[in-house]
Amino acid sequence: MPVEFLGIAATNDGSETTARSGAAFDKDYTLRLARAHEEHGWDRVLFAYGSGSPDPAPAAAYIAARLERLQLLLAHRPNVSYPTYAAKTFATLDQISEGRLTVHFITGGNDHEQGREGDTLTKDERYARTAEYIRIVKKVWTTREPFDHEGAHYRFHDFVSDVFPVRQPRPDVSFGGSSPAAYAAGGAEADVHCLWGEPLEKTAQQIEAVKAAAAAAGRTDAPRIQVAFRPIIAPTEELAWEKAHRTLGAIRRRREEAPARHPRGGVTQTHAPQNTGSQRLIAIAEAGERYDRALWTPTAAATGGAGNSNALVGTPETVARALLDYYDLGVDILSARGYDLLEDAVDFGRHVIPLVREEVAKRDAARTAAHPLPAPRRSAAAVRA
């Protein structure tokens, strides 16, 4: 199966290691970073969401109108708009991008962050709302006749949109999380289920949980799996580990300077995290610093398990082999971003992505050779001829 690479579509140059040098929305930097991804082999970029951050939808539209190939993953929180409105926004963006949009729905794992924009539901209530929201958005995208909806969280009558996605029957839906509620929602509604980078054994367990949830929801397929990492690469192993420890020191200094805010617009974990994904990352870090070929956990520990934060450390060859281990588990979307967002996107694109794609192609060729497709049946007329 093909492998895909997801990068980050940041609107400024700030990261966990460095304060941003300009405004929260630096449109020149936003375009430079997106163009670097498009020119160096990445498939798509994520426009993330934070309560105080620039709105990702117009940022995505800005990039879609200026680049021709790069695909867009737009993060969206259901609490910030009504689903009928959101569905029209997404369809309009898919029109602008000519069918390059995927929407990532965020339930929200931090009550304080959700409350910043007036969301007071409990975590379980948020999951129920998100599932209902996704179902409505899908229906708006695919229904040409007016319809009513009477649900637990949304009610409306006689609605039909006049704008529809280019991609048919609809854009893909992405969803993430590592709790039973997240598996259930993603298994039922998502085309892609997103996980943070964990050791191989634990990732395999999560994949099986998502598959089981999909089956329990009555699906005959299962969501594709995406896993996210923070690669730290260098020409030699020694240099890569020196870079990793420098990066860790910079994360810690940056956290001391600005402990309350996460540079991508979210929240660093100053107390025990509420979301299961972050709790899992902390537990993994407490159990050990290194796993498998290249997984390194101190970067996650330093941020309190905040988001995508486990690193893969080594040469491009080592990191590529580590990513292939996840591919062999059934992961076919690999999410990665460095700490110098622009330079690391270029380096990863130049030195890691080609290695992974080459090996995936070899695996696919070997699989095809071992299990060739049956030759097409010839018609009776062709036999007589």
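The values are calculated or read from the model by the stated rules, or taken from the named source; none is laboratory data. On a predicted model such as this, the values are computed, not experimentally measured, just so you know. Cβ coordinates were reconstructed from backbone atoms using ideal geometry, including for glycine residues, and neighbour counts include every protein chain displayed. Only protein heavy atoms, including side chains, enter the accessible area calculation; ligands, DNA and RNA are left aside. Shrake-Rupley method; radii C 1.70, N 1.55, O 1.52, S 1.80 Å.
Overview of results
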read-out	value
Mean accessible surface per residue for the chain, computed with a 1.4 Å probe while every protein chain stays in place, in Å²	45
Hits among aspartates and glutamates - C-alpha to C-alpha of Lys27 under 14 Å, sequence gap 8 or more where chains match	Asp13, Asp55
Dipole of the chain [Lys/Arg +1, Asp/Glu -1 at C-beta], most positive-end residue of Leu323, Leu93, Leu195	Leu93
Lysines with Cα under 25 Å of Lys138, excluding same-chain neighbours fewer than 8 positions away	Lys88, Lys123, Lys211
222 nm mean residue ellipticity, helices alone, for the chain (DSSP H n ≥ 4; -39,500 (n - 2.57); rounded to 500)	-14500 deg cm²/dmol
Environment charge at Ala190 (Cβ cut-off 9 Å; Lys +1, Arg +1, Asp -1, Glu -1)	-2
With every protein chain in place, the chain: carbon and sulfur % of accessible area (1.4 Å)	52
